[in-house]
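Q: Below: one structure in structure tokens.
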Amino acid sequence: TSTDPLTIETSLPFTSHNCEPPSRSVETNPQELISFFRDMATMRRMEIAADSLYKAKLIRGFCHLYDGQEAVAVGMEAGITKKDCIITSYRDHCTFVGRGGTLLEVFSELMGRQGGCSKGKGGSMHFYKKDAGFYGGHGIVGAQVPLGCGLAFAQKYSKDETVTFALYGDGAANQGQLFEALNISALWDLPVILVCENNHYGMGTAEWRAAKSPAYYKRGDYVPGLKVDGMDALAVKQACKFAKEHVLRKGPIILEMDTYRYHGHSMSDPGSTYRTRDEISGVRQERDPIERIRKVILAHDLATERELKDFEKEIRKEVDQAIAQAKESPMPEPSELFTNVYVKGLGTEAFGADRKEVRAVLP
Amino acid sequence: TSTDPLTIETSLPFTSHNCEPPSRSVETNPQELISFFRDMATMRRMEIAADSLYKAKLIRGFCHLYDGQEAVAVGMEAGITKKDCIITSYRDHCTFVGRGGTLLEVFSELMGRQGGCSKGKGGSMHFYKKDAGFYGGHGIVGAQVPLGCGLAFAQKYSKDETVTFALYGDGAANQGQLFEALNISALWDLPVILVCENNHYGMGTAEWRAAKSPAYYKRGDYVPGLKVDGMDALAVKQACKFAKEHVLRKGPIILEMDTYRYHGHSMSDPGSTYRTRDEISGVRQERDPIERIRKVILAHDLATERELKDFEKEIRKEVDQAIAQAKESPMPEPSELFTNVYVKGLGTEAFGADRKEVRAVLP
Amino acid sequence: KQMMVREALNSALDEEMSADPKVFLMGEEVGEYQGAYKISKGLLEKYGPERVLDTPITEAGFTGIGVGAAYYGLKPVVEFMTFNFSMQAIDHIINSAAKSCYMSAGQISVPIVFRGPNGAAAGVGAQHSQCYASWYASCPGLKVLAPYSSEDARGLLKAAIRDPDPVVFLENELLYGESFPVSAEVLDSSFCLPIGKAKIEREGKDVTITAFSKMVGYALKAAEILAKDGISAEIINLRSIRPLDRPAINASVRKTSRLVTVEEGFPQHGVGAEICASIIEESFGYLDAPVERIAGADVPMPYAANLERMAVPQVEDIVRAAKRACYRSKPMAAAQ
Amino acid sequence: KQMMVREALNSALDEEMSADPKVFLMGEEVGEYQGAYKISKGLLEKYGPERVLDTPITEAGFTGIGVGAAYYGLKPVVEFMTFNFSMQAIDHIINSAAKSCYMSAGQISVPIVFRGPNGAAAGVGAQHSQCYASWYASCPGLKVLAPYSSEDARGLLKAAIRDPDPVVFLENELLYGESFPVSAEVLDSSFCLPIGKAKIEREGKDVTITAFSKMVGYALKAAEILAKDGISAEIINLRSIRPLDRPAINASVRKTSRLVTVEEGFPQHGVGAEICASIIEESFGYLDAPVERIAGADVPMPYAANLERMAVPQVEDIVRAAKRACYRSKPMAAAQ
Ligand SMILES: Cc1ncc(C[n+]2csc(CCOP(=O)(O)OP(=O)(O)O)c2C)c(N)n1
Ligand SMILES: Cc1ncc(C[n+]2csc(CCOP(=O)(O)OP(=O)(O)O)c2C)c(N)n1
Ligand SMILES: [Mg+2]
Ligand SMILES: [Mg+2]
């Protein structure tokens, strides 16, 4: 497929606060569109498979799935580089894959195996890929926002001319530390983009029940903001490019991505008590990010329906293979209990539950 | 002096955010104006005396003085009743006196004596007068704001038709918990007034160095706000009356009081390294809250210059007497070390530094 | 009759809300969602949105509001979805709640309960598994309770809500679904347990084992195994971490002369350390063997199932430690 | 040569900033105001506003920013005006800093120092006097240091800044103005102390006294008084609360057979409790008397001078406890 330029209009306009919005005409090319399709379909399949593994009790604890929101992860990557940093919440599987993480690493981590991106020690909520600028995977709602501002601080301090995208949910958008970090970032002109992935629910709470003003792109008050159709990978790409340029010159900005999660909050939430099935199926039918790109591809004759279906079959196979491989990955060695507590363990002793039985000298 | 109504114009207009400002014509009467003068002069004298006592080492630790800001405490009381609640920061001496606390209680507490409003156990930062709706006296910057919202919650829960004024500084205005509490208060329509006493410095930091947007009356974003000349007791009274009515019907509001502290932040701060002496003396000459009321009184012939000077002499005597009396107040009994840890001590043992020597059964 | 811990907590909340209109519940998902762990099931429907309040995910803000409401005289029950999130609000728990009565010389009282699941759940990783018992219980002004059984849960939660002081109430997610037998007395709405008193869950004469929360169950299992080896273990369910029932613990150790402490939290400065110190201070001469301490491993909680298992105490750890204590009848021969 | 602790800290910061461009300082009033307690005096002028950053009074926000900067590879020194305010940011210290290396299996390291005055100052009341040593030192992933002298302050702060892990560095306001003799070695810019090692400040043979921070000075004074009564006290300056130098403490107690622990913080789950447990676990048979624990009184800090004095350990408390330990040569006669 070619890389000839192609311009496509976003289906919805951007809404801006204290700034001029970018153009609705997004430059792209066939290759990029096909990769959007492939990447999003991979993420979708991966999350569905995680759901099954969870139900088969191969994944434990919390497991927050991203299906429905794929356009944000994929569109964002198209607008930035791996020198830019990303930091997000516990809903981190697809963000990790967007940064180049492999399916094998994902499934191994989810099953707590050595092959996981955190060697099985982090779990679903704590994926990282520092070599590609991905700083996790954070379990405390809102905490990743100041952390992301700190990454941006370091980028500016190091004169790297790169930026950080700090992703958080609509529920997290009310956290005080976000306002604290935003004020500091604005005072210090930090190259940080606060990306509110507004999927309209924080667990079982609809946005308007948690926020007096759910216009998250405006919540920075004195900080500019942009509301983006988060189901449209092209709009996301355009917004992220725009935001990156903006923050390098003018300091922080907020992007509100209007998106949706199909699954419940985590595996214990059926996701259907606080919203109607009609609402969910309406979004699936009218706004699904994969279907939207499929339509664009077909409309522009960049691939046939058949080809796209074949991609999906391939992906299915890739996912199944990764799972099979991950299942082969061994559990961590017991000695890993005591590694990585510190970078420099100073040779001190650490204790197991029964310290007379299990103790280790920290490396 | 009479209580015949008198209408006086505030010297500066109110500036509003998301609401209609109140009228600049303030209803008052001679008696009220004289009491403003007396009360503010008492506070001023009291704080100057505390300064001396501190220098004489009769007051220890932190001691945050309020001189310059008296119009806020006095004007606020004129607009509300003692059924309304007030909560403030460590800069609490005058707020306490405004609620009816006595000079003797103030000086006794400052010197750590039994006669103090907290029996000497709280100290400068922890004054309370619950019977008059004063809930302290809080040392952690910003903490009193959610606490104040909680008082307002309880007032609404109890259907008391009263309101809470939560005072905080310009430095505190950036605290995340303020934004958290404001969002909840707006969602729940709590009758709370956030009063930002903007004295333009948080310790040694000028407002604009700590806040990207030092327009504190606007910082509630979706919550209305009003900027008030905090050096004009009449403007403060008008604003507080207005705000009380507003919040009982419409939920929270922010009042930004433009004011000034003459003293340094606390006793260890000379208060002159981060601002010019000219700035201080300029405020003293042009905006002093006591002088302003003195002028109003004289302009309306409500008292003679001589009479006002006599008031000041009386006040000086009252303050000196209170100090003398406070010095007679004994230190707390050693047994007080173990009282008030709990309301209900359950008869358990508590320990002194050497538990084999000092232990007490908690009442 | 059997009752689940979840039901015990729910009924305690229900009864206390019904008995005292000043009691209200606030927290994330406590209302429409019926509680993240369904502890507040049905309460919104019964008491309405004025008394069962869903909050935004802003712990500092809503905890401060809860404490302020308590200053005014209401009796808030603040639910943390888990106690890990209480760190965002810990300044209000310590500085605004625990210290106010003292700083005001008794003018301000703070009748509030902070509750929610504490400590390790299953497979939730390092940020969601911490035990806060030792932190909170180090602070004068707070009372800290940790129920094990349904009886504990009911009796202690009711006591906490009725108490005029701030109470930190540490539940355990993995116990919510466990059932325990309950007597008619326990089911009575007047039922209440005393704060500050431990419970001897099982009498024994050879070794004392202290535990709280989920570890009480493990200790009881260990006692059964020990009994087969002829070791009679006395199991103390601490129930209250602050005040700590020093008299009960010391009395038991004076009888058994041996002590094993068990907790899931980090060992350093933990509950076991305090109990050990208390025994040394009060009953030094009675000890026949060193105190044995079983605690969470001194590492952040790993996710992988095999590592996680190693990171929290197991029944066999308790058994092993108790045997070590018992098979050594005299203090170690020393340099003496 | 004499050096004030303030100067020791200032010079350590200065030298490490000069040696490593990745080191920067942030906090409230650290720049233009020269530090609330003047620890950062002159640094803004020398290193400029890019490396000495005044922050708003928003601890959660700026601490999170500091930790994020450390993820990226910078070496932030975050000043808390006092550690009481670190409670607003404690979630970042524990969940974002201490646990990240573990959760990421070593991918993310967090070379950051959190520093500032900790514990009781004079006359500042309940909300401004808490000691956080035991809380922080309970958490794996953190290192926790508490300097006493100027040598400690210089050597440990330099070690903390150079260390690749998150370090909580607990200073004491009342020590800032104290002078201590310092050797040429200490003044050398390469000087550094090892983390995790205690220092024997004074050798002795009759009783071991452990202390940290300001209490080391009190313990040394107590030792002088005890010497007059013919009691030879060994004073251990812990320096590092985590890792705790268990070997050094145990070695000393095996020598003296008696132990007094001293700290200013609340007693329950305190440093003394841990040290007691460690001795019981490792050196039970060597103890000739119960461990004596001297600690802050178990109450919030009162303001009044007379009560405040009672609320913190005094030299005479240490002397009394040491004598109690020494005048009792055998374990209490028990029921045996
Ligand atoms: C400080 C804190 N409080 C509560 C939680 C529990 N919790 C985890 S996710 C979540 C909802 C967050 O919603 P949102 O920010 O909208 O993100 P989404 O899950 O929709 O992606 C809650 C309440 C937490 N992890 N951290
Ligand atoms: C959370 C917290 N951080 C820091 C401090 C130290 N501190 C006390 S007052 C103060 C300045 C506050 O300024 P502002 O809010 O403007 O109030 P003002 O003193 O001017 O009345 C600071 C930094 C504190 N008490 N609490
Ligand atoms: Mg959401
Ligand atoms: Mg100010």
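Bear in mind that the values in this text are calculations on the coordinates, not laboratory data. For clarity, every value in this text was computed on a predicted model and none was experimentally measured. Note: ideal-geometry Cβ built from the backbone for every residue, glycine included; neighbour counts use all protein chains shown.
Q: Could you tell me how many cubic angstrom of Cα convex hull volume the stretch D:44-88 has per residue?
A: Spread over its residues, the Cα hull of the stretch D:44-88 gives 81 Å³ apiece.
Q: Quick one: pull the percentage of alpha-carbon pairs in the stretch A:119-249 with a separation above 26 Å.
A: When all Cα pairs of the stretch A:119-249 are counted, 21 percent exceed 26 Å.
Q: How big is the stretch D:90-142 in terms of Cα radius of gyration and Dmax, in angstroms?
A: 13.9, 45
Q: Give me the inter-chain shielding for B:122-133: mean count of other chain Cβ atoms within 10 Å, whole number please.
A: Mean partner shielding for this stretch: 6.
Q: So which GluC sites (Glu not before Pro) in the stretch A:111-208 end up in coil per DSSP with only 14 or fewer other C-beta atoms within 10 Å?
A: A:Glu161
Q: Okay, next question. Averaging over every viewing direction, what projected area does the convex hull of the Cα atoms of the stretch C:271-314 cover, in nm²?
A: Projected area, direction-averaged: 3.8 nm².
Q: Taking the Cα centre as origin and putting +1 on Lys and Arg beta-carbons and -1 on Asp and Glu beta-carbons, what dipole magnitude results for the stretch D:23-96, to the nearest 20 debye?
A: The calculation lands at about 280 debye.
Q: Which value in Å does the Kirkwood hydrodynamic radius of the stretch D:193-328 take, with 1/r averaged over all unlike C-alpha pairs and then inverted?
A: Result for the stretch D:193-328 stands at 14.7 Å.
Q: Applying the Karplus parametrisation 6.51 cos²θ - 1.76 cosθ + 1.60 with θ = phi - 60° to the phi angles of the stretch C:207-214, what ³J(HN,Hα) value in whole Hz is obtained for each residue in order, glycine and proline being reported as x?
A: 7, 9, 10, 9, 7, 9, 6, 3
Q: Report the per residue volume, in Å³, of the convex hull enclosing the C-alpha atoms of the stretch C:1-82.
A: Looking at the stretch C:1-82, the number lands at 90 Å³ per residue.
Q: Right, here's the next one. Where does each of C:Val319, B:Val106 land when they are ranked from fewest to most other beta-carbon atoms within 10 angstrom?
A: C:Val319, B:Val106
Q: Which ³J(HN,Hα) values, rounded to whole Hz and listed in residue order, are derived for the stretch B:225-241 from phi using the Karplus coefficients 6.51, -1.76 and 1.60 in 6.51 cos²θ - 1.76 cosθ + 1.60 with θ = phi - 60°, glycine and proline given as x?
A: Per-residue couplings from phi come out as x, 9, 9, 10, 6, x, 9, 10, 4, 6, 5, 5, 4, 4, 5, 6, 4 Hz.
Q: On the first, second and third principal axes, largest extent first, how far apart are the outermost C-alpha atoms of the stretch B:52-192 in Å?
A: On the principal axes, the stretch B:52-192 reaches 50, 29, 27 Å in Cα extent.
Q: Which whole-number percent of Cα pairs in the stretch A:216-363 have a distance greater than 23 Å?
A: The proportion of pairs with Cα distances above 23 Å equals 68 percent.
Q: What does the C-alpha gyration tensor say about the overall shape of the stretch B:189-300? Classify as rounded when a/c is under 1.5, otherwise prolate if a/b is larger than b/c, or oblate.
A: Because a/c hits 1.5 or more and a/b fails to exceed b/c, the stretch B:189-300 counts as oblate.
Q: Continuing with the same structure: How many Cβ atoms of partner chains, on average, are near each residue of C:141-153 if near means within 10 Å of its Cβ?
A: Rounded to a whole number, the mean comes out at 1.
Q: Restricting to bridges with both residues inside the protein assembly as shown, how much of the DSSP beta-bridge set is antiparallel, in percent to the nearest 5?
A: Percent antiparallel among DSSP bridges in the protein assembly as shown is about 30.
Q: With n ≥ 4 as the cut-off for DSSP H runs, can you work out [θ] at 222 nm for chain D, using -39500 (n - 2.57) per run divided by the number of residues, rounded to the nearest 500?
A: -10000 deg cm²/dmol
Q: Could I get the Rg over Rh figure for the protein assembly as shown? Both from C-alpha atoms, Rh via Kirkwood, rounded to two places.
A: Reported Rg/Rh (Cα atoms, Kirkwood Rh): 0.97.
Q: Under the definition of partner shielding as Cβ atoms of other protein chains within 10 Å of a residue Cβ, what is the mean value for peptide C:284-293?
A: Average per residue, whole number: 6.
Q: Let me ask something additional. Please go through the stretch D:111-217 and write out the chymotrypsin sites (Phe, Trp or Tyr not before Pro) that DSSP classes as loop and that have at most 13 other C-beta atoms within 10 Å.
A: Sites meeting the loop and neighbour criteria: none at all.
Q: Find how many whole Å separate the alpha carbon centroid of the stretch B:76-98 from the alpha carbon centroid of the stretch B:205-244.
A: 17
Q: Divide by every residue of chain B the summed helix terms, -39500 (n - 2.57) for each DSSP H run of at least 4, and state the resulting mean residue ellipticity at 222 nm, rounded to the nearest 500 deg cm²/dmol.
A: When only DSSP H runs of four or more count, the value is -12500 deg cm²/dmol.
Q: Here is a further query. If you take the charge dipole of the protein assembly as shown about its Cα centre, with +1 on Lys and Arg Cβ and -1 on Asp and Glu Cβ, which of B:Gln31, C:Gln107, A:Val141 is farthest toward its positive end?
A: C:Gln107
Q: Mind checking which of D:Val168, D:Gly196, D:Ser179 is farthest towards the positive end of the stretch D:155-210's charge dipole, using Cβ charges of +1 (Lys, Arg) and -1 (Asp, Glu) about the Cα centre?
A: Farthest along the dipole direction, towards plus: D:Gly196.
Q: A further question on this structure: From the P(r) of chain B, can you give the percent of Cα pairs sitting at distances over 35 Å?
A: 24
Q: Report, by chain and number, residues whose modeled amide H sits under 5 Å from the one on B:Arg24, excluding near sequence neighbours (fewer than 5 apart, same chain).
A: none
Q: Quick check on the stretch A:305-361: what are the equivalent-ellipsoid semi-axes from the Cα gyration tensor, as sqrt(5λ), descending, whole Å?
A: Ellipsoid half-lengths, sorted descending, are 46, 13, 7 Å.
Q: Right, something else. Using θ = phi - 60° and the Karplus form 6.51 cos²θ - 1.76 cosθ + 1.60, what ³J(HN,Hα) does each residue of the stretch C:14-25 get, whole Hz, x for Gly and Pro?
A: 4, 5, 6, 5, 6, 7, 9, x, 7, 7, 9, 10
Q: Write down, largest first, the equivalent ellipsoid semi-axes of the stretch D:153-223 in whole Å, where each equals the square root of 5 times an eigenvalue of the alpha-carbon gyration tensor.
A: Here the semi-axes work out to 23, 15, 14 Å.
Q: To continue, here is another question. For the stretch C:115-234, what D do you get in µm² per second when you plug the Kirkwood radius from alpha-carbon pairs into Stokes-Einstein at 4 °C and 1.567 mPa s?
A: 83
Q: If you line up the Cα atoms of chain D on their principal axes, what length do they span on each, largest first, in Å?
A: Rounded to whole Å, the extents work out to 66, 43, 41 Å.
Q: Here's something else I'd like to know. Just in the stretch D:18-86: which GluC sites (Glu not before Pro) are loop by DSSP and have at most 14 other Cβ atoms within 10 Å?
A: D:Glu50
Q: Then there is this: Order these peptides, A:28-36, B:283-291, A:96-104, by their mean beta-carbon neighbour count within 10 angstrom, highest first.
A: A:96-104, A:28-36, B:283-291
Q: Residues with amide H under 5 Å of B:Met111's amide H, sequence separation 5 or more or different chain, H placed in the peptide plane at 1.01 Å from N; which?
A: none
Q: Same structure, new question: From the Cα trace of the stretch D:13-59, what convex hull volume per residue do you get, rounded to a whole Å³?
A: So the per-residue Cα hull volume is 69 Å³.
Q: Next up: Please list, in chain and number order, the residues 5+ apart from C:Glu171 or on another chain whose amide H is under 5 Å from its amide H, with Hs placed from the backbone.
A: Amide H neighbours of C:Glu171: C:Gly116, C:Asn118.
Q: To continue, here is another question. Assign unit charges at the C-beta atoms only (+1 for Lys and Arg, -1 for Asp and Glu), then state the dipole size of the stretch D:202-282 relative to its Cα centre in Debye, rounded to the nearest 20.
A: 160
Q: Sticking with this structure for a sec: Give me the one-decimal Kirkwood hydrodynamic radius in Å for the stretch C:195-236, with the sum taken over alpha-carbon pairs.
A: 10.2
Q: Further, regarding this structure: Picking from D:Ile93, D:Gly64, C:Gln2, whose Cα lies most toward the positive end of the charge dipole for the protein assembly as shown (charges on Cβ: Lys, Arg +1; Asp, Glu -1)?
A: Selected residue: C:Gln2.
Q: While we're looking at this one, here's another question. Find the all-direction average of the projected area of the Cα convex hull for the stretch C:32-171, expressing the result in square nanometres with one decimal place.
A: Averaged projected hull area, Cα only: 8.4 nm².
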